[in-house]
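The values are calculated or read from the model by the stated rules, or taken from the named source; none is laboratory data. Remember, predicted model here, so these are calculated numbers, not experimental data. Virtual Cβ from ideal backbone geometry, glycine too; neighbours counted across all protein chains shown.
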Amino acid sequence: MLKHAIILLLITISAPVYASPKGAEAPASRLAVEDYLGFQEVLTPAVSPDGRWVIYTVKSVDRMKDQMRSEAWVMASDGTGKRKFLDGRDFTWSPDSSRVAFLAEGEDGKEQIFIYNIGEMGVPYQVTHEPETPRNILWSPDGGRLAFRRFVAAPEPAWDIDMPAAPEGAAWAPEPKIIDTLHYKQERFGLNRRGFNHLFVVPVEGGPAAQITSGNWSVGSQLYGWDIHGDMSWSPDGKTIYFDGLWVAEGVEDTTHDNNQSYLYAVTLKSGKVRKLFSAKGYWASPKVSPDGKHIAFKGLTYTSRVLFSQQLWVSDIDGSNRRIVSGDMFGGIEMVKWSHDSSQIFFDMEYNGQKQIYAARPKGGVAPLTNGNHFLSLSSVDQADNLYATRTTPYEPANLVRFDAGRETPVVLTAVHKDWLAGKKLGEVREVNYPSSDGLNIQGWVVLPPDYDGKTRLPLLLSIHGGPQAMYSVTFDFGKQYYAAKGFAVLYVNPRGSTGYGRKFVEAIFNQYPGQGDYEDLMNGVDYAIQQGWADKDRLFVEGCSGGGALTAWIVGHTTRFKAAASRCAVINWISMQGTGDVVTFVSNQFEKPFWEDPQTWLEHSPIMHVDKVKTPTLMMHGALDLRVSIGQAEEFYTALKLRGVPTKLIRFENEWHGTESVPSNMMRTLLYMEDWFNTWDSSAR
């Protein structure tokens, strides 16, 4: 049965706060590893269309269950009256602001859609009774229906063989799982069940949901065989739903060979007829119909076989014609796209130059920033007055909820969940760095210096490398980097070529040569810059990274002996075995110009395992035992080779971890402590 708290709109409860274990009144002190247990941040604010109420999520550490906990809170849009809301997630407001739809545990123990009437002293009622969890809930313009998508199971492949009957009482092995698709497993999900995601519509009063689409294809944008998220938009008259996905003709069994492809479609609800809006090959996603019904805004890029993870903002007429870019020359990660109430502007956020700002574009072209500052903003919601609601994080603050009133660049800060947690804590200073690489290319990054750093002492330097590799370090709060600064390290983190947020040419620069040429020099020149600035002791250098950063870490120790010790986490070590064992088969293929059976030399040259003969640096291997993105066998390959060569090494298998070593709170702390101890072990100056 549903277990919900009843909202009392007149009762105010203070927002949850978690004091540092040493207490907010204690003298100023440095960050300690146990402080992570009090970490919290704000996510996914959803404002009611009339601008009166905001529902938001507070993410914090559950110390007893050793997991991250998410709780829904509600407040007035001016930030007053904060209080716990309902147990659930993915809250979505009705067009008239009178109701919210959300996901919560239903009568059958599965997540279902519920609706709560704001202002009524009652309990939410269950709308759906689906066999699978509904996703991407979307109200119809008249508030009478809900669209959603969900997984529709398909029959598992059968292989009839003439097996003899098992003797009575025998305990034979279960039937094997037959696999015949390219992508048959997914990180954090395990082996994929066969099936597809399709579009459904259900009346808000409840009842059977009508399946609108069908077939061997999925509603939801596709990238490297992943079902990314799916986005939908109703036409103003409620007759059509626009969505992203990868439709294929009947009879085609596997679409996962189609790399970097997703398209925009419209389905007429009455007939169920699906039509593609335009045929240009590319990755097109997140269609948003303008309130006047004349245009569609969406993000995407024309087809490329290369790995980019960046988009531009586009607009077309409602029928898909007259498609054009409206975000100018910017090229970066876009999460949210929203129309203004009068259809004159499209609001969107974009990662660019280490920051994330909110922009406004015009349907006919032209874009302007709406925000500025040294922060990372994630747009989430817009009310009828075009006030923007977003989460904001800075190098010194975890994410909180802010509001940008129409026409104003200065935000109204609505939450401060970290205030008591950081009270009495001295954080390290975060400085932006810019330096030329070996070929003159400018590289941006940051260094975190210890609290009370005197500016004269040379410090042990920790070079931290981001994953991806198509990703971007930014001006967000980072507990781990602040922790190491508190322990006396200078922590350097930069965006070498291949990172997103610096234009298409920059991100494509590592194609067919990652890790290796260019990115390695960018990182080493960053270390040289830190030494030149007087921060770093050239004899006390350390390096770490996870995933793509772990690959570069393993590459570095195979190409230089400058570092005293290294920690390579969740790393790609062997590209050929990585392609066959990970869940990102086509992602790996798209890192190289040719498949390995046509050009094995390039794949081998850029595999750290092929340079292990030159490694002398003590190297710690750390990996999640459940990892399906980068199999733990990758770490085992490097570890075994180091052991055979007599290079100091250890292998740490993190239990209950998928890709990474930090999603479980206790493992986050273990990660920091193991690396710290490993570095100190090999730092002769620290002994």
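Looking only at residues in the stretch 592-614 that are in contact (Cβ under 8 Å) with a residue 60 or more places away in the chain and closer than 19 Å to Glu544 by Cα, which one is surrounded by the fewest Cβ atoms within 10 Å (Cβ to Cβ)?
For the stretch 592-614, the residue satisfying everything is His606.
Kindly establish whether Glu521 is in contact (Cβ under 8 Å) with a residue 60 or more places away in the chain, out of contact with any strand residue (DSSP E or B) (no Cβ under 9 Å at 6 or more places or on another chain), closer than 27 Å to Leu449 by Cβ and of a type in the set (D, E, K, R).
Here the answer is yes, as Glu521 does meet what is asked.
List the residue pairs whose Cβ atoms are under 8 Å apart, where the first residue sits in the stretch 105-123 and is closer than 21 Å to Arg150 by Cβ and free of Cβ contacts under 8 Å to residues at least 40 places away in the same chain, the second is in a strand (DSSP E or B) and of a type in the set (Asp, Glu), and the two are 6 or more positions apart or on different chains.
From the stretch 105-123, the pairs are Glu111/Glu105; Gln112/Glu105.
If you go through the stretch 469-480 one residue at a time, do you hit one that is touching a residue at least 12 places away in the same chain (Cβ under 8 Å) and assigned to a helix (DSSP H, G or I)?
yes
Given the residues Ala173, Ala210, which is the only one that is surrounded by fewer than 11 Cβ atoms within 10 Å (Cβ to Cβ) and either free of Cβ contacts under 8 Å to residues at least 12 places away in the same chain or aliphatic (A, V, I, L, M) (or both)?
Exactly one of Ala173, Ala210 is surrounded by fewer than 11 Cβ atoms within 10 Å (Cβ to Cβ) and either free of Cβ contacts under 8 Å to residues at least 12 places away in the same chain or aliphatic (A, V, I, L, M) (or both), namely Ala173.
Name the residues in the stretch 586-605 that are modelled with pLDDT of 90 or more, in a loop (DSSP other than H, G, I, E, B) and under 21 Å from Arg629 (Cα atoms), would you?
Correct list: Gln591, Phe592, Pro595, Phe596.
Does Phe348 satisfy the condition of being closer than 23 Å to Val412 by Cβ, surrounded by 21 or more Cβ atoms within 10 Å (Cβ to Cβ), in contact with a Gly (Cβ under 9 Å, 6 or more places away or on another chain) and at pLDDT 95 or above?
no
Among the residues of the stretch 263-273, are any out of contact with any strand residue (DSSP E or B) (no Cβ under 6 Å at 6 or more places or on another chain), modelled with pLDDT of 85 or more and buried (at least 17 other Cβ atoms within 10 Å of the Cβ)?
Scanning the stretch 263-273, I find at least one residue that is out of contact with any strand residue (DSSP E or B) (no Cβ under 6 Å at 6 or more places or on another chain), modelled with pLDDT of 85 or more and buried (at least 17 other Cβ atoms within 10 Å of the Cβ), so the answer is yes.
Specify the residue that is surrounded by the fewest Cβ atoms within 10 Å (Cβ to Cβ); the eligible residues are those in the stretch 351-381 that are of a type outside the set (Asp, Glu) and in contact with a Gly (Cβ under 7 Å, 6 or more places away or on another chain).
Among them, the one singled out is Asn353.
Starting from residues that are among the acidic types (Asp, Glu) and part of a strand (DSSP E or B), keep the ones in the stretch 72-125 and report whichever is surrounded by the fewest Cβ atoms within 10 Å (Cβ to Cβ).
It comes out as Glu105.
Just the residues that are assigned to a loop (DSSP other than H, G, I, E, B) and of a type in the set (S, T, N, Q), please, taken from the stretch 558-585.
Residues satisfying the conditions are Thr560, Thr561, Asn574.
Out of all the residues in the stretch 387-395, is one or more surrounded by fewer than 22 Cβ atoms within 10 Å (Cβ to Cβ), part of a loop (DSSP other than H, G, I, E, B), within 23 Å of the chain's Cα centre (by Cα) and at pLDDT 95 or above?
So far as the stretch 387-395 goes, no, none of its residues is surrounded by fewer than 22 Cβ atoms within 10 Å (Cβ to Cβ), part of a loop (DSSP other than H, G, I, E, B), within 23 Å of the chain's Cα centre (by Cα) and at pLDDT 95 or above.
Which one of Arg403, Arg431 is more than 30 Å from Cys570 (Cβ to Cβ), modelled with pLDDT of 95 or more, part of a strand (DSSP E or B) and basic (Lys, Arg)?
None of the others qualify; the one that does is Arg403.
Is there a residue in the stretch 430-444 that is among the acidic types (Asp, Glu) and in contact with a strand residue (DSSP E or B) (Cβ under 8 Å, 6 or more places away or on another chain)?
Within the stretch 430-444, one or more residues are among the acidic types (Asp, Glu) and in contact with a strand residue (DSSP E or B) (Cβ under 8 Å, 6 or more places away or on another chain).
Of the conditions (1) farther than 30 Å from Leu31 by Cβ; (2) at pLDDT 95 or above, Asp583 fails just one. Which one is it?
(2)
What is the one condition in (1) small (Gly, Ala, Ser); (2) surrounded by fewer than 20 Cβ atoms within 10 Å (Cβ to Cβ); (3) part of a helix (DSSP H, G or I) that Ala554 does not satisfy?
Result: Ala554 passes all but (2).
Any idea which of (1) free of Cβ contacts under 8 Å to residues at least 40 places away in the same chain; (2) within 15 Å of Val201 (Cα to Cα); (3) assigned to a loop (DSSP other than H, G, I, E, B) is the one Asp160 doesn't satisfy?
Condition not satisfied by Asp160: (2).
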